[in-house]
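A short worksheet on the structure shown next.
Readers should treat all values here as calculations from the given coordinates under stated rules, not as data from a laboratory. The structure presented is a predicted model; accordingly, all values stated were derived computationally and were not measured. Here the Cβ is made from the backbone with ideal geometry for all residues, glycine too, and neighbour counts use every protein chain on show.
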Amino acid sequence: MSAALAGFPILSAIWLAPFLAGIALMFAPASWTRAPRMVALAASAVSLALTVALLFAFDYRAAGALQFQERWTWIADLGVEYRLGVDGISLLMVALNAAILFSGVLASWGLRERSKEFFVLLLLLGGGVFGVFTAFNLYLFFALYEIAVLPMYLLIGVWGTGPKEYSAMKLTLMLMGGSAFLLLGILALYFGSTPHSLDIPTLQRAAASGQFGIAFQRLWFPVLFLGFAVLAALWPFHTWSPDGHASAPTAVSMLHAGVLMKLGAYGCLRVAIGLLPQGAHLWAPAVAALALVNVVYGSIGAASQTDLKYVTAYSSVSHMGMVLLGLATLGTLGLSGAVLQMFAHGLMTGVFFALIGLTYGRTHTRHLPSLGGLARVMPFVAAAYVVAGMAGLGLPGLSSFPAELLVFLGAFLHGGLFFRVVGVAAVSSIVFTALYVLRVLQKAFYGPITEPKYLELKDATFVERVPVVFLLSIMVVVGLWPFPVLRLIDGALAPLVQALGGLPR
Amino acid sequence: MPLSPAVFLIPLLPFAGFAANFLFLRRSRRGAPLVALAAVGLSLVLSLWIAAGVLASPAARTLQTPWLAVSGPLPGGFAISVGALVDPLSALLLVVVTLVSFLVHLYSLGYMREDPGLPRFFLYLGLFTFSMLGLVLSPNFFQMYIFWELVGLCSYLLIGFYVDKPEANQAAKKAFVVNRVGDFGFFLGIVALTAYLGTADFAHVPAMVGRWPLYGPAWLPLGAVALLLFGGAVGKSAQFPLHVWLPDAMEGPTPVSALIHAATMVAAGVFLVARAYSVFDAALMGSVDAPLVVAWIGGFTSIFAATIACTQHDIKRVLAYSTLSQLGYMVLALGAGGLGVTAGVFHLFTHAFFKALLFLGAGSVIHAVHSNDLRAMGGLRRRMPVTGITFLVACLAISAIPPFAGFFSKDMILDALRQAHLTALYTVAAGVSFLTAFYIFRLYFLAFEGEPAPADGHGGHGAAHAHESPGTMTAPLLVLGLLSCVAGFAGLSWGGKSFGSYIRFDRPASLAADWTRATALASAHPDARGHLALADALWAGPESAEPAAAPPAPEPSRAFTLDLSVSIPATLLGLAGLFLAYAVYRRRWLPAERLAAAFGPVHTLVQRKYYVYEAYRWALDHLYYVLSAGIAWFDRHVVDGFMNALAWASQAGGAGARRLQTGRVQAYALAMLAGLLLLLASLKVLL
């Protein structure tokens, strides 16, 4: 930990900057029309800058330990604390959220309708997500988790397109359903530990010392895991994702697919697997089977979608399936692949939704058969879409490739025949993914211009290019040289892998 | 002599050119081509320097650094490295790739001069050269896969270079997807080797494959792993049944067809099999005869594609089917083993020159006539003498007429087939010799001899007004023409050294002993099969006896030797094909229409490429997309239907529950008591 940051509560600052800015913005006069976006940009830039400082100050040799901890007693009788910290995984997720939030604000730069309320909700959401990734007390974790999920209802219901009320309601109810499971699971952990605790490191020690019996783990692992996995779009709880993403405005889709789905996967890893490792071992084949359905079903389903956002949403179902499959392997390779895939998928979908927003803003349609030949008038958008698409189909040189490679290898080297079969079946998705990704490129961007009015369209402006280039650059850097990021992930996973490996199989 | 890190400059120079063009010269019509040309020119010089070093000391040398590493699942952790492996095979390919790439860059200065997308073209060309060189230098399977995918991307981008053209986009997509089918197998093969042998390094795999009976699981014979790897080659080198993408790839600019789809990238499959030959060879010990499958796939592709080439009217398509056929030839040779491995790579080497020449010559013709249709050409040799003469040289080379380059490599392949006692395939290969000479001279006579076609017939400006291409285009033709004359002499023995002294596969002396010992250990400890850690422990265990030192096998010479019983019939078959083409297309003693009519439905079947793609298309539309639409329906109606029903039920339930709100306090108290009891009971059960 660097001396320059000694005593400065950097983690609180990171999540509170957007969160407090959002609250302050609520009280701004309604006549302000351009200021909200400036406030939002400033707040997200502060978080981004602090995250960069955090990346420099982080001690990479101790990636598995909690760093930059902040602890304040909150409700002493219930063991509720305000406890923040980062390990390597949290760090990576915070960095992802900082990048996506900043890009999302820029992607919403042209938003005019009720912009104040929009940016208020966006900032609350973004702040909440930062909080979840750094919270190490389950009470705080759950509270921030709900803060991150709830604004979604309004953001989609008010600023969305298409059947937005239905989509918003479906998304909220399904995620709340997941939360109900979570609450039950968290209570079980609290009452199952002696002395009762909500502190994640304490619970980890309790798990390691065998406080959670095998029957307890068998019962409560699926409850916690499913609660989180709904948000990671585990089949068959995935249908909120296509409708939700399609109806949501650009920045919300970016944040939602980019980071909120990762919140689900992060919870699965940190809470469900991290605190109930034996339960994880018992249920791993079932999780792997469902994840395989995600991977294959999503990639085949994407091929016949005609709305650009639905294609991307189904691709998310498929790619999040890779994350879940990696988690289910419960080994170093698969877990590091899963964490890297969380990061890579977040960046990639961020770019996808930003570009779809740009396209929709100009053509006023996302209907694939009505689009065509846009590369001629929007070469930047087309080129960026090609790169994002290549990331989607796992092309080497972009960050998704090492992630998927590790997940597949993880499934193979797990040791069990069942996982090997699942691995083979999952690899088949490289063919299906190529089909749907290239179909979109061919139909929307290549070929002759389908509508004369498209000839008038302008390519992306400078402000619109910034978030896209920013996110793509990270993808390329990590893709070309994944070594440092994997070092970080590997180090951070070491304690968990040890806990998982030290168990009787 | 350790390997100099300067070897990394060979791929990195084109990459630097690509990066500079991407960042600064995206609109530069003069700068971008020159930067790209200079970069690949320097790579060529460095490659020649590396190759000279290898000629002096051919031992393999490796430089690598971890690209990705995690601390599991084995005690030593798991890492994937990137780097360079320099041995005769990679040095050969380095020279071929940089040389052809340099010539194609030069040629494109003229060919693409008028094209509005010229900077983008050179951008992609630079990226391709980098990727192909990275592939060639791979020290392990993973790096090969990485660059394998990247050359696929470049191929995709360049096939679809004319973005406004729907056919080009369709062809680009098809190329990528079909290749992915092969890559599915390739990837699984790599993973299987990694999972069971614990290594994917080319330096370590040959010593490990002999242990497969112990290290591999009982249900996965080594031959199956070899065939999975071969899947990648079937895709990339467009072997039947994944050949359908290559003819359509001709939608790309012609220099690209020469570089990527004739000389270099499509040969990557052959390179892969040669590189991984120890896996194929060791499979002979087991139950699946992988090399025989390889040989048959190659042999079938070579004759299958050659028949189609006889019936096409598009000059580039004829050449594309010819490429398929020639690649099939190389694959067939590899499947024969022994001398065949040398012969296959030797044919890769000579073919790179004469096929690139054929494509660049065709490009020169298309540049002049503005049409791809052979029926719009004719009499071009007089109007375009350099193109005409060099093209004729290439035709003689591919027809294996001595002493042109193709003669030596093709003869060596026939020799290898005979040595391997593959009589049926020997007959197939001889038949292909005849067909090759026929279709290539059909093309030659239609385009270059006879009378020019009138301007209106099949589009284009009319062959009568064609002009020779500029010097940037003819210079590469001359260089390749020279190489098509002399490259074959590399097979001859020069002071005891020949092509075959460097490029050869020799079975590791310990293979048979290793295989026997592994089989014995596996039957004694069946539990250890397929478990790397256990297998490792057993292999190094105390009972490990000194493996019986096998007497080194007498090393057969791999130099080209003239065997008249092979050469004379093969040459006569080539001349017969040439003569038939002369009779039909030049003299018209037997008009082509009559010939086609005589074959009737067979001719239609062949001209329509045996309807293979139509069958795939049908399956894709009627099976795959129906399945995909089924998923959309399932989500919309079953999954969502369930969720909606749940929502409806809870609403209805809420409406029903409202009636419970009677306002009678006694009823509430009763309900509270019941609830409390229920809660306590459930806590008792759960905790």
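How far is the Cα center of segment A:75-142 from the Cα center of segment A:346-365, in Å? So the separation of the two Cα centres works out to 22 Å. Anything over 26 Å Cα to Cα? Flag those among B:Lys316/B:Lys609; A:Lys262/B:Lys174; A:Lys164/B:Lys165; B:Lys173/B:Lys355, in the order listed. Among B:Lys316/B:Lys609; A:Lys262/B:Lys174; A:Lys164/B:Lys165; B:Lys173/B:Lys355, the Cα-Cα distance tops 26 Å for A:Lys262/B:Lys174; A:Lys164/B:Lys165. What the pair-distance distribution of the protein assembly as shown shows, using all Cα-Cα distances binned every 20 Å from zero, is 11, 38, 33, 14, 3, 0 percent. Its Cα gyration tensor gives segment B:231-307 an equivalent ellipsoid; the semi-axes, largest first and in whole Å, are 26, 14, 8. Diffusion coefficient (Stokes-Einstein, Kirkwood radius over C-alpha pairs, 20 °C, 1.002 mPa s) for chain B: 78 µm²/s, rounded to a whole number. Listed values for segment A:417-433 are Karplus-derived 3J(HN,Hα) couplings in whole Hz (6.51 cos²θ - 1.76 cosθ + 1.60, θ = phi - 60°), namely 5, 4, 5, 5, 5, 4, x, 4, 5, 5, 4, 4, 5, 5, 6, 4, 4, and x replaces Gly and Pro. Separation of segment B:90-141 and segment B:308-349, taken as the distance between their Cα centroids, equals 22 angstrom. Which of the aspartates and glutamates could a cross-linker bridge to A:Lys453, judged by Cα under 17 Å and excluding same-chain residues fewer than eight apart? A:Lys453 reaches B:Asp164.
All C-alpha to C-alpha distances of segment A:8-499, sorted into 10 Å bins beginning at zero, yield P(r) values of 4, 21, 33, 27, 11, 3, 0, 0 percent in whole numbers. Post the alpha-carbon centroid distance, segment B:614-687 to segment B:386-418, in whole angstrom. Going from one Cα centre to the other spans 73 Å.
With the cut-off at under 15 Å, measuring from each backbone N in segment A:409-445 to a point 7 Å along the Cα-to-Cβ line of B:Tyr625 picks out A:435-444.
Shielding by partners for peptide B:621-632, expressed as the average number of C-beta atoms from other protein chains within 10 Å of each residue's C-beta, is 5.
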